[in-house]
Amino acid sequence: MWNNASMMRAANEPMLSSNQSGPIRRRGLMLILSSPSGAGKTTLTRDLLSDRALDLTLSISVTTRPRRSSEVNGIHYNFVSRADFEKLRERDDLLEWAEVHGNFYGTPREPVEKVLIEGRDMLFDIDYQGTQQVLQKAAADAVTIFILPPSMRELQARLERRAEDAADVIARRLENARNEISRWPMYDYVIVNEDIEQALNEVRSIIVAERLRRVRSESGIAGFVQSLLDEPL
């Protein structure tokens with residue numbers, strides 16, 4: 001497992017990005033998407049991951065929940081025992097964690113750090129509580145985006161069109177959505193998902209811009225600039 005010293009060294013030694021052309025090396029970023037249920041986060045996540053040009057890696061959570069027959073370990077979740085989860089938590093090896101209906105879920109640091117030091121980017125599909133925890137531990141690496149519905153009426157219509165939940169469950173989701181929506185000020189970017197293609201293009205634009213931020217490639221820029229200054233004419 002990574003300790004604090006090794007992670008600090010890795011942060012100062014960015015690797016060549018597989019999704020960035022040119023001679024400048026950079027550290028990857030953590031792209032966090034949050035939204036109330038029905039606002040389109042799942043669709044955006046799927047479309048972003050299918051875009052080979054973006055080359056995003058999905059963060060796979062660990063969970064103590066029993067594996068369902070339709071789930072594959074290492075793809076849907078990494079299924080672990082409660083004892084192993086507690087060890088991760090006690091060693092502060094989780095970027096974020098939560099207990100849901102008696103089961104634990106969390107994001108391990110090690111696989112995230114491995115992706116970032118390779119200069120690649122990881123996509124997180126987590127709620128505002130998980131986002132808060134990640135920001136407390138790794139704010140410099142995080143880019144946070146909150147997805148809003150165009151209206152509460154449209155959000156309700158989307159939930160009803162999914163035909164997955166009873167009326168009382170939809171009502172509870174809408175009430176929860178009001179609480180989640182009120183958390184928008186903690187995010188770097190806010191996108192209103194009225195049209196999924198437009199929202200997708202806006203997220204892509206954010207990714208391109210954030211990859212070019214000086215702080216993500218400062219060591220690489222410094223080395224490249226020095227080579228320019230040392231180059232004989």
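The values are calculated or read from the model by the stated rules, or taken from the named source; none is laboratory data. Just so it is clear, the structure is predicted and the values come from calculations on it, not from any experiment. Glycine gets a Cβ as well: all are built from the backbone with ideal geometry, and neighbour counts include every protein chain shown.
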* To do: Determine whether VAL190 is touching a strand residue (DSSP E or B) at 6+ places or on another chain (Cβ under 8 Å), under 25 Å from LEU155 (Cβ atoms), hydrophobic (A, V, I, L, M, F, W, C) and not in a helix (DSSP H, G or I).
  => yes
* Might you check whether a residue that is within 25 Å of VAL192 (Cβ to Cβ) and either under 13 Å from the mean Cα position of the chain (by Cα) or modelled with pLDDT of 95 or more (or both) occurs anywhere in the stretch 100-115? => no
* Structure fact -> Within the stretch 56-85, the count of residues that are under 16 Å from GLY102 (Cβ atoms), aliphatic (A, V, I, L, M) and surrounded by 17 or more Cβ atoms within 10 Å (Cβ to Cβ) comes to 2
* Asked: Does LEU88 meet the test of being of a type outside the set (S, T, N, Q), buried (at least 18 other Cβ atoms within 10 Å of the Cβ) and in contact with a Leu (Cβ under 7 Å, 6 or more places away or on another chain)?
  -> yes
* To do: List every residue pair whose Cβ atoms lie under 8 Å apart, where the two residues are 6 or more positions apart in sequence or sit on different chains, the first residue falls within the stretch 207-233 and is aliphatic (A, V, I, L, M), and the second residue, located anywhere, is surrounded by 16 or more Cβ atoms within 10 Å (Cβ to Cβ) and in a loop (DSSP other than H, G, I, E, B).
  => ILE207/LEU54; ILE221/ILE24
* Structure fact -> Among helices (runs of 4 or more DSSP H) entirely within the stretch 37-117, at least 2 residues that are touching a helix residue (DSSP H, G or I) at 6+ places or on another chain (Cβ under 9 Å) and not β-branched (Val, Ile, Thr) occur in 41-50, 109-117
* Of all the residues that make up the stretch 162-187, how many are in contact with a strand residue (DSSP E or B) (Cβ under 9 Å, 6 or more places away or on another chain) and over 25 Å from ASP141 (Cβ atoms)? -> 1
* Which condition breaks for ILE207 when tested against (1) under 20 Å from LEU54 (Cα atoms); (2) loosely packed, with under 15 Cβ neighbours inside 10 Å? -> (2)
* Asked: Hey, among ARG25, ARG82, ARG91, which residue is touching a Ser or Thr at 6+ places or on another chain (Cβ under 7 Å), of a type in the set (Lys, Arg) and at pLDDT 95 or above?
  -> ARG82
* Structure fact -> ALA163 vs (1) within 30 Å of GLY28 (Cβ to Cβ); (2) of a type in the set (A, V, I, L, M, F, W, C); (3) free of Cβ contacts under 8 Å to residues at least 24 places away in the same chain: all pass except (1)
